[in-house]
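The values are calculated or read from the model by the stated rules, or taken from the named source; none is laboratory data. Everything quoted here is computed from the prediction, not taken from an experiment. We place every Cβ from the backbone using ideal geometry, glycine too, and count neighbours over all the protein chains shown.
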Ligand code: NAD
Ligand code: MG
């Protein structure tokens, strides 16, 4: 196992040099919040590259505003259209296309910082490229760690990269457990990690109600504004399951050392309990600009634009245990972590297909865990040996999940 940052390679000393930043997934909620924080510190950061999937208008607007050296779109036709629009607007940004270009701007020699904020398994290759190239990686794309935790952490170490977790819970844990390197938790006096969860919009829903929840209800998160995939994951609590696996890789924690605690106010972003009984928490308003600013400035603390936490207004902090019967996705994620090998990659791929199908109104909310459980129960779990193997495993799981969907459609 390796550590969050690569041992002593933490780049404390940037010697006043302006940091060149690539934002993977720039048009998304994390991408735009990253640009918001960076704009508050023009003396520290410059935009090197911005990327998106196929959102031409979104990336065009960002290019006009931030004038990056490169803009990358996954889709070739979208890239051609962006290139024309930028030329007409007189913006001198080079437009590139495809996955290899995403990897190029993540590993370019002039880049210092990479914000990995693509959603889903699509973020794996560019994040790996940044790790191998030894960048400071601000990791929002948790799916990279779920799919390929051991290979990614190894690439961080081998590449001499600095890895800073952006997921609010993991950022909180990192803030209250700063000295963890390559040691196991017991060696640094840590008893357990308490991963907080809002419980999502259906925290108080009955089993019966969960069968009938709509897409609109599931997209209505009580505390956080996020992209559609993670919002559905939060409603099903798969997000917390993915985060348990993420915490396992980031902090050398076994599944038994990671406890999920439902905390509806989302003010405590996670906690660490030490052997002496101390429990350290990181608190703040639920606003991703706090962890983003922490990652951008580390070890300095930057102004982020986040308002002060008003505890008098919050009034109370509540906690309860998660209900794994109502939210089977959490159980499935723990099981996949314990099964090890390719099981988390299979969990992740089948979840991505299930969420897509739910968002397209093709399946019900409780079909999400049903689909994942079926795919996992039929899959052949192997030891992870390479990224190429994981790409195949991911594709196989997607095929199995699609087959399940087709069978369901035929039955109706
Ligand atoms: P989002 O849907 O708002 O944005 C996703 C971005 O990825 C967009 O720029 C999109 O163009 C790009 N993208 C999508 N598919 C792509 C593909 N196939 N190839 C290349 N680019 C692609 O998502 P988000 O909410 O910003 O989340 C991004 C990541 O950060 C996710 O992994 C999520 O789990 C994680 N995260 C988000 C939050 C949050 O508050 N939004 C919090 C913690 C972690
Ligand atoms: Mg989170």
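Observations on the structure shown:
- Taken together, the residues in segment 220-248 that are outside any helix (DSSP H, G or I) and within 12 Å of ligand 1 (Cβ to nearest atom) amount to 6.
- Restricted to segment 321-349, and to residues there that are touching a strand residue (DSSP E or B) at 6+ places or on another chain (Cβ under 9 Å) and in contact (Cβ under 8 Å) with a residue 60 or more places away in the chain, the residue that is nearest to residue 111 (Cα to Cα) is 337.
- Check on residue 58, assigned by TED's automatic domain parsing to the domain that holds residue 155 and on the phi > 0 side of the Ramachandran plot: no
- Note on segment 278-311: among residues that are in a loop (DSSP other than H, G, I, E, B) and under 20 Å from the mean Cα position of the chain (by Cα), the one that is surrounded by the fewest Cβ atoms within 10 Å (Cβ to Cβ) is 285.
- Test for residue 151: is it in contact (Cβ under 8 Å) with a residue 60 or more places away in the chain and either away from ligand 1 (no atom under 13 Å from the Cβ) or touching a helix residue (DSSP H, G or I) at 6+ places or on another chain (Cβ under 8 Å) (or both): yes
- Scanning segment 172-195 finds no residues that are touching a helix residue (DSSP H, G or I) at 6+ places or on another chain (Cβ under 7 Å), in contact (Cβ under 8 Å) with a residue 12 or more places away in the chain and within 15 Å of residue 230 (Cβ to Cβ).
- Cβ-Cβ distances below 6 Å connect the following pairs, each with a first residue in segment 22-44 that is without any contact (Cβ under 8 Å) to a residue 40 or more places away in the chain and in the same structural domain as residue 106 (by TED's automatic domain parsing), a second residue that is part of a loop (DSSP other than H, G, I, E, B) and away from ligand 2 (no atom under 16 Å from the Cβ), and a separation of six or more residues or different chains: 27/55.
- Comparison of 252, 239, 275 shows that the only residue that is under 22 Å from residue 138 (Cβ atoms) and over 17 Å from the mean Cα position of the chain (by Cα) is 252.
- The residues in segment 106-135 that are in contact with a helix residue (DSSP H, G or I) (Cβ under 8 Å, 6 or more places away or on another chain) and farther than 24 Å from residue 238 by Cα can be counted, and the count is 12.
- Taking the numbered list (1) touching a helix residue (DSSP H, G or I) at 6+ places or on another chain (Cβ under 7 Å); (2) within 15 Å of ligand 1 (Cβ to nearest atom) in turn, residue 57 passes all entries but (1).
Rundown of residues vs (1) over 21 Å from the mean Cα position of the chain (by Cα); (2) under 21 Å from residue 293 (Cβ atoms); (3) not assigned by TED's automatic domain parsing to the domain that holds residue 246, yes/no style:
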site: 103; (1), (2), (3): no, no, yes
site: 115; (1), (2), (3): no, yes, yes
site: 133; (1), (2), (3): no, no, yes
site: 147; (1), (2), (3): no, no, yes
site: 150; (1), (2), (3): no, no, yes
site: 210; (1), (2), (3): yes, no, no
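- Count - residues of segment 183-210 that are within 19 Å of residue 265 (Cβ to Cβ) and not in a loop (DSSP other than H, G, I, E, B): 4
- Qualifying residue in segment 46-56 (condition: modelled with pLDDT of 95 or more, over 15 Å from residue 114 (Cβ atoms), under 17 Å from the mean Cα position of the chain (by Cα) and surrounded by fewer than 23 Cβ atoms within 10 Å (Cβ to Cβ)): yes
- Residue 325 more than 24 Å from the chain's Cα centre (by Cα), within 23 Å of residue 231 (Cα to Cα) and not in a helix (DSSP H, G or I): yes
- Extreme residue, farthest from ligand 2 (Cβ to nearest atom), among residues of segment 217-236 that are over 14 Å from the mean Cα position of the chain (by Cα) and modelled with pLDDT of 95 or more: 217
For (1) more than 16 Å from ligand 1 (Cβ to nearest atom); (2) modelled with pLDDT of 95 or more, each residue gets a yes or a no:
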| site | (1), (2) |
| --- | --- |
| 126 | no, yes |
| 129 | no, yes |
| 134 | yes, yes |
| 173 | no, yes |
| 180 | yes, no |
| 195 | no, yes |
| 206 | yes, yes |
| 210 | yes, yes |
